[in-house]
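Input: a single structure, listed below in structure tokens.
The values are calculated or read from the model by the stated rules, or taken from the named source; none is laboratory data. As the structure is a prediction and not an experimental result, all values here were calculated from the model. Quick reminder, even Gly has a Cβ in these numbers, built from the backbone with ideal geometry, and neighbours come from all protein chains shown. Just the protein is used for accessible areas: all its heavy atoms, side chains included, with ligands, DNA and RNA removed. Shrake-Rupley method; radii C 1.70, N 1.55, O 1.52, S 1.80 Å.
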Amino acid sequence: MHRPMDESVNEVFPSAVRPHPAEQAGPWPVGSPAGGLPDPARVDPAVLGVLLARHGWLRRGGAAGRYSRWTPPGPPGGSTSLLVPDTAAFPDSEDLLGEALTALARSAAPSAREVLVSLAVPSDEIRWWRDVPEPAAGAAGAASWTGAERLHGAARQILLAGALAVRGRAGFHGARHRRRALATLGSVLIGPAPGGRDLTAFVPVEAGRPLAVRLYHALHAAREAVDYQRATGGMEAFDTAVEAGVSRELTEAVIALVRGSEGAGIALDWAPAAGTPEGCPARPEPVEFSPGDLPALRRAGARYLRDEPAVTVRITGAVVRMRRSGPRGAGIVRLRVLAGAEVPHVRLELGEEAYRIAGQAHLVGLPVRVEGRLESRGGFRRLTRASQVVPVQVDEEERDRLMKSLQENVDYFEEACTGE
């Protein structure tokens, strides 16, 4: 993996999704800021019924046309029982809904907390699971520590791949759009199911519906491309799948999900309060992958990495690091990108004169503008054929910020002044 010259090899993939507000065991934390119950007056009984059925609750009769009785999944005889009105039109509907929400909050069943999350924040639900070989599963179906970590990591990678595809279609994204894609995931809620072998993400409709829709299309396109490759040996289907959102980032994420398992899958359910998005089925079929799919996914990922073209750009950036072997000659410069490319930093080699211009611009608190080709081989972190290096005027606030950066990193710029 290619990294910028100052990027630590120990950098950990950031967890951009927020924990489930009731991730800890036990009842819904009503007293906490994240645990406020939904307002019964704003809860649609039909939506509550759909969510209960989705999460395994069983409808066990009730007064026809007035209300239904629901019990949690598992053996009958439990103390939790909900009365849910059929509509909000009855005089006691709000009271019944309030009692049902309170009963859900007091229930220790994970499904009760998931229903409350979906009511509090209308969300599309994405669920991952892994079929772990029995010897590795441990007692009572629990996953191993590494298996649970692998599930979490793969889920984050899949969400990030979907967010990148929303920003733009590409066989390989590299560092492009990564900051904005990670910011998109800031509103996602995520919480594990018991045993660590399943994981559910709640993607708020208001901010995240494009992500859920893109993931639906991308995952199904990936599944179809794998089937085509395994049947014919051809890779053409992966080329057309890029338009649906398939990329190296997605193939690597699916590989991470499946590796070490007997199979894995992803299911998606639309938020009932928001309805079905255009161009998608009301009840999407789960997408499953097996270890036998891994060779095709690896070949596709390598193909995407190899074939993604370099991009001609004109970048404006602040010099944050400089290095050369002597007082004169060419040197390596790292820029913090301000405009011109959807990457945070780029690394480039400059000739002696351009290197001097970059050093002087930084010393007086100015960014530089440079033209070149953003190369995919470095994850779109490397600029080649750099030319037309010139200082750029900025406002006083930005100039002060750049000068502060120089003071904090003065040791890195000693060679920029050597021999001048």
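If we sort 250-263, 41-54 on the protection proxy, mean other Cβ atoms within 10 Å, highest first, what's the order? Display every interim value, and only then the final one.
Details: 250-263: 21.3, 41-54: 17.6.
Per-residue mean Cβ counts within 10 Å order the peptides as 250-263, 41-54.
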Carbon/sulfur accessible area of the range 220-328, % of total, 1.4 Å probe, equals 48
Would you please classify the overall shape of the range 270-410 from the alpha carbon gyration tensor, given that a ≥ b ≥ c denote the square roots of the eigenvalues, rounded means a/c under 1.5, and beyond that prolate means a/b larger than b/c while oblate covers the rest?
prolate
Would you give the gap between the C-alpha center of the range 236-307 and the C-alpha center of the range 88-105, rounded to a whole Å?
40
Whole-Hz ³J(HN,Hα) from phi, Karplus 6.51 cos²θ - 1.76 cosθ + 1.60, for the range 95-110, glycine and proline x
5, 4, 5, x, 5, 5, 5, 5, 5, 5, 5, 8, 6, 8, 5, x
Using only the alpha carbon atoms of the range 227-328, find the Kirkwood hydrodynamic radius as the inverse mean reciprocal pair distance, in angstroms to one decimal.
17.4
Using θ = phi - 60° and the Karplus form 6.51 cos²θ - 1.76 cosθ + 1.60, what ³J(HN,Hα) does each residue of the range 360-376 get, whole Hz, x for Gly and Pro?
5, 4, 5, 4, 9, x, 10, x, 10, 10, 9, 9, x, 10, 7, 8, 5
q = 0.17, 0.27 Å⁻¹, the range 287-352: log10 I(q)/I(0) [Debye, one scatterer per Cα]
-0.76, -1.11
